[in-house]
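Here's the structure we're looking at; comments come further down.
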Amino acid sequence: MIKIIIERRIMPGLEEEYEQAAREAMRWSLGARGFVGGETLVELGHSDRRLMITKWRDMRAWKEWYRSEERNRVMQRIWPLLTEEEIIRAYEPSY
């Protein structure tokens with residue numbers, strides 16, 4: 001099991017539009033093979049900052065989703081709403 005952490009900064013005033021696009025992206029990821037679950041957090045005091053924590057069966061499942069046409073399609077709505085490129089990090093359990 002791995003976790004993918006995605007950090008995003010949204011253009012001021014476009015938070016609601018971003019939320020709608022992000023919900024659509026999450027709906028699509030629910031059907032992705034290897035997707036286990038996820039959550040989105042808003043940084044306290046900074047409504048333009050989001051942190052997404054998603055859980056995947058393995059790195060292969062995440063990469064398949066990351067490169068998929070479905071993700072590319074939903075990201076077409078999200079990318080224009082961001083002030084900078086999203087930051088993506090992958091984590092695995094520490095044993």
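The values are calculated or read from the model by the stated rules, or taken from the named source; none is laboratory data. These figures come from a predicted structure and were not determined experimentally. Glycine gets a Cβ as well: all are built from the backbone with ideal geometry, and neighbour counts include every protein chain shown. The protein model used for the area step is the full one, side chains on, heavy atoms only, and it has no ligands, DNA or RNA in it. Shrake-Rupley method; radii C 1.70, N 1.55, O 1.52, S 1.80 Å.
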Would you be able to tell me the number of residues in the stretch 3-28 that are part of a strand (DSSP E or B) and out of contact with any helix residue (DSSP H, G or I) (no Cβ under 6 Å at 6 or more places or on another chain)? 6
Across (1) within 19 Å of residue 14 (Cβ to Cβ); (2) in contact with a strand residue (DSSP E or B) (Cβ under 9 Å, 6 or more places away or on another chain), residue 75 clears everything bar (2)
Give the residue that is surrounded by the fewest Cβ atoms within 10 Å (Cβ to Cβ), with candidates limited to residues of the stretch 1-27 that are hydrophobic (A, V, I, L, M, F, W, C) and within 11 Å of the chain's Cα centre (by Cα). 5
Being open to solvent by 90 Å² or more (accessible area, probe 1.4 Å), part of a helix (DSSP H, G or I) and among the aliphatic types (A, V, I, L, M), is that true of even one residue in the stretch 29-52? yes
I need the full set of residues from the stretch 56-95 which are surrounded by fewer than 16 Cβ atoms within 10 Å (Cβ to Cβ), touching a residue at least 60 places away in the same chain (Cβ under 8 Å) and under 18 Å from residue 26 (Cβ atoms), in order please. 86, 88
If I ask for residues that are farther than 11 Å from residue 78 by Cβ, touching a residue at least 12 places away in the same chain (Cβ under 8 Å) and among the β-branched types (Val, Ile, Thr), which ones from the stretch 1-55 would you list? 2, 4, 5, 36, 40, 53, 54
